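The structure that follows is given in the form of structure tokens.
The values are calculated or read from the model by the stated rules, or taken from the named source; none is laboratory data. Please read these numbers as outputs of a predicted model, since none were measured by experiment. Neighbour counts are summed over all protein chains in view; Cβ atoms, including those assigned to glycine, are modelled from backbone coordinates with ideal geometry. These accessible areas exclude ligands, DNA and RNA; they are computed on the full protein's heavy atoms, side chains included. Shrake-Rupley method; radii C 1.70, N 1.55, O 1.52, S 1.80 Å.
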Number of protein chains: 2
Amino acid sequence: MTEAIDHTVRGSWTPAGAARSPLPAHALRWLRARTGLVGATTPAAPASVLAVPDSALPEGARAALADVVDESNVLLDREARLGRTGGLSYVDLVRRRGGAELAVPDAVVLPESPTQVQRVLEVCVEHDVAVVPFGGGTSVVGGVTALRGDKKAVVALDLAQLDRLVSVDPVSRIAVLQAGVRAPDAERLLGAHGLTLGHFPQSFERATVGGFAATRSAGQASSGYGRFEDMVEGLRLATPAGEWRLGVAPASAAGPDLRHLVLGSEGTLGVITEVALRVRPAPTVRRYEGFVLDGWERGVAAVRALAQQRELADVTRLSDVDETEVSVALSGGLRTKALRGYLNLRGVSRPCLLVLGWEAEDGRELAWRRDAALRIVHTFSPVTLGSAAGESWRHNRFAGPRQRDALLDVGVCVETLETATTWSALPALWASVRGALVDALTTPGRRPVVMCHISHAYETGASLYFTAIAPRDPDDPVGQWQRAKTAACRAIAGSGGTPVGTITHHHAVGTDHRPWLAGEIGDLGADVLAAVKRRLDPTGILNPGKLIPGPERPDQDQPIG
Amino acid sequence: MTEAIDHTVRGSWTPAGAARSPLPAHALRWLRARTGLVGATTPAAPASVLAVPDSALPEGARAALADVVDESNVLLDREARLGRTGGLSYVDLVRRRGGAELAVPDAVVLPESPTQVQRVLEVCVEHDVAVVPFGGGTSVVGGVTALRGDKKAVVALDLAQLDRLVSVDPVSRIAVLQAGVRAPDAERLLGAHGLTLGHFPQSFERATVGGFAATRSAGQASSGYGRFEDMVEGLRLATPAGEWRLGVAPASAAGPDLRHLVLGSEGTLGVITEVALRVRPAPTVRRYEGFVLDGWERGVAAVRALAQQRELADVTRLSDVDETEVSVALSGGLRTKALRGYLNLRGVSRPCLLVLGWEAEDGRELAWRRDAALRIVHTFSPVTLGSAAGESWRHNRFAGPRQRDALLDVGVCVETLETATTWSALPALWASVRGALVDALTTPGRRPVVMCHISHAYETGASLYFTAIAPRDPDDPVGQWQRAKTAACRAIAGSGGTPVGTITHHHAVGTDHRPWLAGEIGDLGADVLAAVKRRLDPTGILNPGKLIPGPERPDQDQPIG
């Protein structure tokens, strides 16, 4: 029975896979029926029509930068500058579709070494030029928007040429990677030594090691390999005040752990140039499986039990009823019918998909861990979908970012946001954020799909990752989303001064969450960050307008309704 | 065979147990033969002869403090003040044995709530009085020495009355404890809910939750339960700049994790008043076992394999040949003979004791984890001593601090120091620190015992914990140890600007490691800490002279030879 079902659901049946470009006809039909989407398509404007202001980089600054990195590594052309204009949020994509004014950097600087990064910062201090560190450009919170603050110009400091594996210590299992190494290249470089980093966020295909560190990234397999911050042994940071190296031992009581000031600093305190990382032997066996649990509450209880008994699979991912419904609907045709029939037969009225994935060095280790986890899962009466459903998810795990352009083309507003909280606060927070998004995106004739999953679980709580899909408001597409986002952030920030959850579990702060940060870390926390920044970046060239609440905080912090 | 041996080694056969007060005759005989210790005994001077200066607390400050905490909670008497004079380092003990000038606080203040702590700080700012936060008083690095810095007076802020379990969230498994809760009381309070913190440092019997957080404590079961910093969900901190609360979710990407600035801040940035902690169900089964491996290198390889395959027991502790020899010698009489004979029979020429201890919620979980670990250990050809040897260690796990007075009575210099480094650097660091201690403590007629164990292992490295025992230099007991300590610190700090290991894995910085801190976190790191302190404690009342390198750093940091 299980085998048969495995077969029917093989292939791209998660939203990620099903909706990849070009959008399958059945997916578009389903979207139209479900949301009230009309037939209009709105393809992106070609880059050639976008308004790109002339570079404001003074010639003296350009020449000084060229002295450091060579003429060939200071790019002023339109294409290079447009290529580092903002990240990959929905609002970024909408703006790049034409119409809105773009924050285009005045130049792109491509240093070749940590020493060159250090010297670039010195030149930029001298010439009063803002610096936006740029890795994979995958920020979805405005983290790489080329804001110049009060500076004369702004350059994108693209770390693409810091692409080396610096050293491997196989005994200690520590690898030093330069900050510009992209995740697939990190896996390739480490794979030659039989090692893996094990960090697989959805941004995997483009994101860099430095970006992971700067944003406290969490990967899809973080239950097994840890969040990125858990892997960091040491950091090398270029700052306007000089170079800073941190991390000499796996653990220490030598005062506050200052690595945690650099991790998550989003380019505002310095530019990460090298990261020493704990690595592991590359897995030789893997197994991904799908299960359906009846009801969100039961699914949450199952994931909590796995986390609190410390038997989480490396990948542990629970979809709520809406996300599961979308997955089933988008698998299409016979697959959808077969799965619905099967679940109906099994008496499941509120199906929630649970994907579990294990990776291990040998089959016995995998079998042990899987047995322990399944013993827990089976106490929650799951319907077993087998490994095809799990493999299907794995196959499409990085597809999300690729499909959004296709959705935008057909007139959809699609965006995600995430938070984390304790287990006891999770049910209410799930309901309040979901409700806020549904309310904000519902208008006459337009019905959003708001769905959620847990992808990161801990002993004390878990993340909640929401995806919202709605017919786009053609007159105010940016405002449409911003109102929904503000409503969701308000639900997370709570009332009465105590946040219900964190404003971001793994997307970082950037510009989008900056107004909410002081509510989470306190005014004292914001002041402490500002004090650290003044010491490391006295003239404020580094990534202005990101992360650290500005002096205008008391007013700016009042989110508009 | 194993059972027979178990029986012969039952009881107190580790140095901790064997040497507990009063020192057994055979232990004293062994010490004399091994180290050249002569027969003189030097009992401690009675407290009545110690020189205690009059309190310098101005009456206005005293009255203002009494307004906040009540007259009864501002103690000026000799006994109360002497009781908060320094911590428990060897040098502290020697000084309190008479002769040296003591840093006695001018008063002891005992607030009853976080709010009172906040108001005490405000009073102390107003009256220019230094504040030394005082928990269990177990610092071995000068962390609670009553230094007044440039202030008029200094008070010990004793948190003993902040002794409440504030709340328990059994679903999220989070408990909020006030900072003054001692570890045994924490276990008792949590035990009533079926929960445990699982934090068992050697200071367990006296140390407090706030002290654990302020010093980034590591417990004997940290392989299983995590270091203290891993358990901290949230913190409440009183600072001269106001109250600061941190921690809203199990994980977050909302900028740098500022909890890690408070953890390890040693009372220099604020006074921790509450800690929200991840707790676990109290274990119902436990098993501790002893093994002997032939050679330190083989033992290290076994612990590394356990760590890197993530199969460490909750307690994993490897003694080097010297520490094992001392353990065997001090077990005494027939036990010593039987164990030596057994190891000889098994062809073990360089015995290293490995203690593994598991605690679990049920027997099956324990059996699984034990099986996985033993499968690894058995590839290193261990001699199995059985559970009696393990239980003996567990029974005496907190005895170390209690036995030192007995050793001091008979004329011994006894002190410990610790570090941590990567697996690849560990063998050389072990040899260099050991060599430095042996050289510094060897004089004509005096031969030290220098022994070491690994008690905390990680995937990328481990701690090294050294104990040195030598006949005391009666003319300069403090200088004798300080020279040895400096030599060891130099070995750890390395030459050429890159530390070989951390200056402290779990003893914290205090006064003793302060000159070495900038070598580890860089001058920029020291400046960053100072910048944070200026924001939170602008007048510098909090724990002066501890942790943060002072403005006099460039000169002061030159350790004398």
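Which residues, taken from segment A:531-543, are touching a Leu at 6+ places or on another chain (Cβ under 7 Å) and within 8 Å of chain B (Cβ to nearest Cβ)?
The answer is A:VAL532, A:LEU536.
Could you say whether any residue in segment A:396-407 is outside the structural domain of A:ARG346 (by TED's automatic domain parsing), open to solvent by 50 Å² or more (accessible area, probe 1.4 Å) and acidic (Asp, Glu)?
Yes.
Can you find a residue in segment B:474-490 that is open to solvent by 30 Å² or more (accessible area, probe 1.4 Å) and over 24 Å from B:ARG514 (Cα atoms)?
Scanning segment B:474-490, I find at least one residue that is open to solvent by 30 Å² or more (accessible area, probe 1.4 Å) and over 24 Å from B:ARG514 (Cα atoms), so the answer is yes.
OK, next. Can you say whether B:ALA367 is among the hydrophobic types (A, V, I, L, M, F, W, C) and surrounded by 18 or more Cβ atoms within 10 Å (Cβ to Cβ), as far as the supplied structure shows?
no
Would you please name the residue that is modelled with the lowest pLDDT, looking only at residues in segment A:492-515 that are in contact with a Lys or Arg (Cβ under 9 Å, 6 or more places away or on another chain) and more than 7 Å from chain B (Cβ to nearest Cβ)?
Selected residue: A:THR498.
Another one. For segment A:269-297, how many residues meet the condition of being facing chain B (nearest Cβ under 10 Å) and not hydrophobic (A, V, I, L, M, F, W, C)?
Number satisfying all stated conditions: 4.
Right, next: Going by the conditions given, is B:GLY194 more than 23 Å from B:ARG286 (Cα to Cα) and either more than 14 Å from chain A (Cβ to nearest Cβ) or modelled with pLDDT of 95 or more (or both)?
Numbers: more than 23 Å from B:ARG286 (Cα to Cα): no; either more than 14 Å from chain A (Cβ to nearest Cβ) or modelled with pLDDT of 95 or more (or both): yes.
So B:GLY194 fails the test.
Looking at A:ALA253, A:ALA241, A:ALA221, A:ALA249, which is the one that is hydrophobic (A, V, I, L, M, F, W, C) and open to solvent by 10 Å² or more (accessible area, probe 1.4 Å)?
Details: A:ALA253 fails: open to solvent by 10 Å² or more (accessible area, probe 1.4 Å); A:ALA221 fails: open to solvent by 10 Å² or more (accessible area, probe 1.4 Å); A:ALA249 fails: open to solvent by 10 Å² or more (accessible area, probe 1.4 Å).
Within the list A:ALA253, A:ALA241, A:ALA221, A:ALA249, the selection yields A:ALA241.
OK, next. So A:LEU261 clears everything in (1) more than 8 Å from every other protein chain (Cβ to nearest Cβ); (2) among the hydrophobic types (A, V, I, L, M, F, W, C); (3) within 20 Å of B:ALA526 (Cα to Cα) except one condition, right? Which one?
Only one criterion in (1) more than 8 Å from every other protein chain (Cβ to nearest Cβ); (2) among the hydrophobic types (A, V, I, L, M, F, W, C); (3) within 20 Å of B:ALA526 (Cα to Cα) is unmet by A:LEU261, namely (1).
Within segment B:198-215, is even one residue crowded, with 24+ Cβ neighbours inside 10 Å, at the interface with chain A (Cβ under 10 Å from one of its Cβ atoms) and of a type in the set (Phe, Trp, Tyr)?
Within segment B:198-215, none of the residues are crowded, with 24+ Cβ neighbours inside 10 Å, at the interface with chain A (Cβ under 10 Å from one of its Cβ atoms) and of a type in the set (Phe, Trp, Tyr).
Is it the case that some residue within segment B:442-455 is over 30 Å from B:VAL315 (Cα atoms), assigned to a helix (DSSP H, G or I) and not small (Gly, Ala, Ser)? Full working, then the answer.
So the first thing to find is which residues in segment B:442-455 are over 30 Å from B:VAL315 (Cα atoms), and the list is B:442-447.
Next cut, assigned to a helix (DSSP H, G or I) only: none.
Taking every residue of segment B:442-455 in turn, none turns out to be over 30 Å from B:VAL315 (Cα atoms), assigned to a helix (DSSP H, G or I) and not small (Gly, Ala, Ser).
Can you name the residue in segment B:491-502 that is in contact with a strand residue (DSSP E or B) (Cβ under 7 Å, 6 or more places away or on another chain) and in a loop (DSSP other than H, G, I, E, B) and is also surrounded by the most Cβ atoms within 10 Å (Cβ to Cβ) among such residues?
Across segment B:491-502, the extreme among qualifying residues is B:GLY501.
Under 8 Å by Cβ, and 6 or more places apart or on different chains, what pairs join a residue from segment A:263-280 that is closer than 28 Å to A:THR145 by Cβ and in the same structural domain as A:PHE212 (by TED's automatic domain parsing) with one that is acidic (Asp, Glu) and part of a strand (DSSP E or B)?
A:LEU277/A:GLU233
Residues of segment B:43-90 being at pLDDT below 95, open to solvent by less than 20 Å² (accessible area, probe 1.4 Å) and of a type in the set (Val, Ile, Thr), which ones?
B:THR85
Can you name the condition, by its number, that A:LEU277 falls short on among (1) farther than 23 Å from A:GLU418 by Cβ; (2) at pLDDT 95 or above; (3) part of a helix (DSSP H, G or I)?
(3)
Here is a further query. Which one is farthest from the other protein chains (Cβ to nearest Cβ) among residues in segment A:516-525 that are closer than 27 Å to A:PRO201 by Cβ and open to solvent by less than 30 Å² (accessible area, probe 1.4 Å)?
A:ALA518
Let me ask another. Give, as residue ranges, the helices (runs of 4 or more DSSP H) completely inside segment B:316-424 that count at least 3 residues that are within 14 Å of another protein chain (Cβ to nearest Cβ). Even if it seems obvious, please write down each step before you answer.
Details: elements: B:321-331, B:333-345, B:363-377, B:387-395, B:400-409.
Passing ranges, in order: B:363-377.
A follow-up question, please. Going residue by residue through segment B:384-392, is there one that turns out to be buried (at least 22 other Cβ atoms within 10 Å of the Cβ), closer than 19 Å to B:LEU312 by Cβ, in contact with a helix residue (DSSP H, G or I) (Cβ under 6 Å, 6 or more places away or on another chain) and of a type outside the set (A, V, I, L, M, F, W, C)?
no
Then there's this: Among the numbered criteria (1) of a type in the set (Val, Ile, Thr); (2) surrounded by fewer than 17 Cβ atoms within 10 Å (Cβ to Cβ); (3) within 14 Å of chain A (Cβ to nearest Cβ), which one does B:VAL528 miss?
Every condition holds for B:VAL528 apart from (2).
Here's a follow-up. Please state which one of B:VAL166, B:VAL171, B:VAL123, B:VAL141 is open to solvent by less than 10 Å² (accessible area, probe 1.4 Å) and not polar (S, T, N, Q). So that I can check it myself, show each step before the final result.
Working: B:VAL166 fails: open to solvent by less than 10 Å² (accessible area, probe 1.4 Å); B:VAL171 fails: open to solvent by less than 10 Å² (accessible area, probe 1.4 Å); B:VAL123 fails: open to solvent by less than 10 Å² (accessible area, probe 1.4 Å).
Answer to the selection: B:VAL141.
Continuing with the same structure: Does B:VAL300 satisfy being within 12 Å of chain A (Cβ to nearest Cβ) and in a loop (DSSP other than H, G, I, E, B)?
no
Does at least one position in segment B:522-534 carry a residue that is part of a loop (DSSP other than H, G, I, E, B), over 15 Å from B:THR422 (Cα atoms) and in contact with a Pro (Cβ under 6 Å, 6 or more places away or on another chain)?
Scanning segment B:522-534 turns up no residue that is part of a loop (DSSP other than H, G, I, E, B), over 15 Å from B:THR422 (Cα atoms) and in contact with a Pro (Cβ under 6 Å, 6 or more places away or on another chain).
Test A:LYS546 against the criterion of being buried (at least 24 other Cβ atoms within 10 Å of the Cβ), more than 8 Å from every other protein chain (Cβ to nearest Cβ) and of a type in the set (D, E, K, R), and give yes or no.
yes
Let me ask you something else. For segment B:45-65, what are the residues that are hydrophobic (A, V, I, L, M, F, W, C) and in contact (Cβ under 8 Å) with a residue 60 or more places away in the chain? Working first, answer last.
So the first thing to find is which residues in segment B:45-65 are hydrophobic (A, V, I, L, M, F, W, C), and the list is B:45, B:47, B:49-52, B:56-57, B:61, B:63-65.
Matches in segment B:45-65: B:ALA56, B:LEU57, B:ALA61, B:ALA64, B:LEU65.
Based on what the data block shows, is B:GLU243 of a type in the set (Asp, Glu) and over 21 Å from the mean Cα position of the chain (by Cα)?
yes
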